[in-house]
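Everything below concerns the one structure shown next.
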């Protein structure tokens, strides 16, 4: 057994929240630059240029990339050989989020419940996703998720005999319905298979994979590339004001499913798709 | 296109001169209000009351900024999704509001109301929080302080970059963008 002090987790979560909110991911920034080279219209180019400048300013001045600093989604891959010491892991994670959102002057966007809607003023509780893995390491990944794009996400339970065309049409429709509201160019996280909630979790997890890296399964990688081309051919463009760049990346994750089902979840994410990770 | 510089409060003839697609640099005073503040303002109007803002004199910006670091007027302050305010907007326009700023398209009801009252709806680029913060000279919470990030902030802006999305004639930039929602 390897022991890990939860104080270390708290500190890591705090630092990762700050990094994710101030420093746009390198893969996303690279994709924005590539898109700039591909665009023809002055308006689309202008928007992409301003997004790249925004990322530069955010990092240099420690201002959040976007004012929607999100709900903090904290992914924990916990090696089964790890024993935590130093108190509650859940509290350590929430304390890390709380400290980051206070010290980093990040927006507190969490309300205590859906009905009364009183702001908790700490941006907690975080969404905590745990997975038990082999080994004795702890991988922590923080992905602050804004709700302009989150609100446009959808899930559908297809028949097992559904064609690939039907699946693609559904995903394309999600992007069309999102329109300008989700802040395109988007990153799409797509979860396929498992059960209802597995597909949704996979869709969100797919957003953690660097844009431009494809699924190791060849048929899924091909689907990612086809969706990328077909959606970019729609002409929606940056901020839905027309252009060749509607998605920066399409990331699919899958899991085995039931003979009767074919769940497909699409987690829509904006051009400020954020995350940061560390292994302890 | 060289952006046109305009200053709040916008006179009727200035509003009428704007066309969907025009790029604008806006200076002057704007007030932030998003979901919770809209709910409250709408409820005040519905009860027949007066609202504690001069809607005729102001522009409403759908935004909830991050807190300011010491020495800075504001944190990141990009726009939020306008369509979430659609249900409340016609009542505010009826009460004299003439300038709205947000991101994204609007409902058919809001589009009709914009044309009817000959007002204007601007969009800012979503997710441009850090850059837009440099265009804000001062910020002060003036209403609904208890709403935290959703409180009404009075912002003084200089050359805030916007695009006219729906003009006073009802022309809509998203109709011209070369793609259609299905």
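Each value in this text was obtained by applying a stated rule to the coordinates, not by laboratory testing. Source: prediction; values computed, not measured. As a convention, Cβ positions derive from the backbone with ideal geometry for all residues, glycine included, and neighbour counts pool all protein chains shown.
Tabulated data
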read-out	value
The range B:1-78: translational diffusion in µm²/s, Stokes-Einstein, Kirkwood Rh over Cα pairs, 4 °C, 1.567 mPa s	86
Sites residue A:166 and residue B:50 - FRET efficiency at Förster radius 60 Å, r taken between beta-carbons, to 0.05	0.65
Estimated 222 nm signal from helices in chain A, with DSSP H stretches of n ≥ 4 weighted -39500 (n - 2.57), rounded to 500	-12500 deg cm²/dmol
Quarter of Cα convex hull surface for the range B:96-180, i.e. mean projection, nm²	6.9
Volume per residue that the Cα convex hull of the range A:1-50 spans, once the total is divided by residue count, Å³	78
5 Å binning of all Cα-Cα separations within the range B:4-171, expressed as whole percents from 0 upward	2, 9, 20, 24, 22, 15, 7, 2, 0
Of all DSSP beta bridges in chain A, antiparallel share, percent nearest 5	55
Gaussian network model of chain A, springs between alpha carbon atoms under 10 Å - residue of A:213, A:205, A:61 with greatest fluctuation	A:61
Coarse-grained scattering of the range A:147-275 at q = 0.16, 0.20, 0.23 Å⁻¹, given as base-10 log I(q)/I(0) from a Debye sum over alpha-carbon atoms	-0.69, -1.10, -1.45
Gap separating the Cα centres of the range B:99-148 and the range B:1-66, nearest whole Å	6
Peptide A:50-57, shielding by other chains (average Cβ, 10 Å cutoff)	5
Beta bridges per DSSP with both ends in the range B:4-171, % antiparallel, nearest 5	55
Label point distance in nm, residue A:213-residue A:117, each placed 7 Å from Cα along Cα→Cβ	3.8
Peptides A:228-239, B:65-76 ordered by average Cβ neighbours within 10 Å, highest first	A:228-239, B:65-76
Span per principal axis, largest first, for the Cα atoms of the protein assembly as shown (Å)	72, 50, 43
The range A:27-97 and the range A:174-244: distance between their alpha carbon centers, rounded to Å	17
Chain lengthening between residue A:277 and residue A:41 when straightened (0.36 nm per residue, less Cα-Cα)	81.4 nm
Inter-site label distance for residue A:136 and residue B:175 at 7 Å from Cα along Cβ, in nm	6.9
Viscosity 0.692 mPa s, 37 °C: Kirkwood-radius Stokes-Einstein D of the range A:43-189 over Cα pairs, µm²/s	178
Sequence ranges B:85-92, A:37-44, ranked by mean other-Cβ count within 10 angstrom, highest first	B:85-92, A:37-44
Chain B: calculated mean residue ellipticity at 222 nm from DSSP helix runs of at least 4, using -39500 (n - 2.57)	-5500 deg cm²/dmol
For the range B:71-125, radius of gyration divided by Kirkwood radius, i.e. Rg to Rh on alpha-carbons	1.05
